[in-house]
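The numbers here are math on the coordinates, done by the rules we state, and not lab data. Predicted model only: the values in this text are computed from it and were never measured. No Cβ is skipped: glycine too gets one built from the backbone with ideal geometry, and neighbour counts run over all protein chains shown.
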Amino acid sequence: MNTRDIRAVLLCVAGMAIVGSSVSISQLILDYPPLTGQTLRYALAAVVLLAIARWFPQFGGTGQPGTGGRPTRREWGILTALAATGLAAFNACILVALPHADPAVVGTVIGAAPLGLALIGPLLRGGRPTVRLVVAAGIVVAGTAGVHGSGRADPIGLLASLGAFGGEIAFSLLAAAVLPRLGAVRVAAYSCALAVPLLLLSAVAVGEPTRWRLPTAVEGATLGYLAGLMTVVAFLAWFTGLRHLGVERAGILVGLMPVATLVTAAIQAGRLPDPGQSLGVLVVASGLAIGLTARSTATPTDTPTAPAHPAHPAHPVDHEVIAAQTGQTRQ
């Protein structure tokens, strides 16, 4: 890997580490209406990101020169789909899944995203998946399952978990389609802003207005933390790294998220993880080592003239919701 590759990897690792290590923070808003809380989170993040896009447009990589960063009609459609699937629907699916499935099951299904991205990314470009990347992604998924552990789920829980899995994949695939021209800041800002009305409508649909209230001081501070660090910083880090690495190589780094959660939980509890989880971490590490040294067939997306076709997850999207809605971490 060259210097730019290493920098992109470190950015993606930072994004996943922020999300994974922040799971315990989300437990401070367990009593607040969940979709309303996510609405406030993304609204705050959108304000910050739009301000960054206005005053520091070069931050996080620029788009194509001479465009002014204004999305075309097609790009608005992609950004809306990103917000609808990767943010709003992802949250909704997790909320549906958790009463019907153990958090370990939900986390394991979503944790298969690296393999899905390694397979789907090249196919959408009309190419073939790289065998080494697919093998590496499979190893990462197996390690992630070991970190999460096992659990039970009924058909509704499994279907909703699969829906969240689809949202996880869509988040990065759709972002990769518009990152070359718009850049990381604008993609993050527009997607967060578009998610706000979608989440608000979802909150109304499930009857949350009857529970609406002002957040307490702790809840307000937690929402501010989630908006600032877990959304603004993590999204920018992830999108910037994704833009350079491409969807397949960046995708395997999603496997670091449960590892970060596990390490943070172990530090807070003052004890080592159990042997099965520790083995899972080692398996994830071996998969990452194999995948990050592989050559991707993706067209570099950090070149302004690159075609805006789907080229990756993590989102670092809202995996913390799994723990926040159950009061559990992935232990």
Inset, instruction - Compute the length gained on full extension between Leu10 and Trp76: take 0.36 nm times their separation in residues and subtract their Cα-Cα distance, giving the result in nm to one decimal. - result: 20.8 nm
Inset, instruction - At q = 0.09, 0.10, 0.12 Å⁻¹, work out log10 I(q)/I(0) for segment 3-324 with the Debye formula, treating every Cα as an identical point scatterer and leaving solvent out; two decimals please. - result: -0.41, -0.51, -0.75
Inset, instruction - Could you go through segment 51-57 in sequence order and give the Karplus-derived ³J(HN,Hα) for each residue, using 6.51 cos²θ - 1.76 cosθ + 1.60 with θ = phi - 60°, rounded to whole Hz, and x for Gly and Pro? - result: 5, 4, 4, 6, 9, 10, x
Legend entry - Computed over segment 31-171, the ratio Rg/Rh where both radii use C-alpha atoms and Rh is Kirkwood: 1.04
Legend entry - Net charge contributed by nearby residues that have their C-beta within less than 11 Å of Arg186 (K/R +1, D/E -1): +2
Legend entry - Qualifying chymotrypsin sites (Phe, Trp or Tyr not before Pro) in segment 151-233, DSSP loop, other Cβ atoms within 10 Å at most 15: Trp212
Inset, instruction - Evaluate the relative contact order of segment 216-300 (contact order divided by residue number), counting alpha-carbon pairs under 8 angstrom at least 6 apart; express in whole percent. - result: 42
Legend entry - Charge tally in the Cβ shell below 15 Å around Leu49, where Lys, Arg are +1 and Asp, Glu are -1, Leu49 excluded: +3
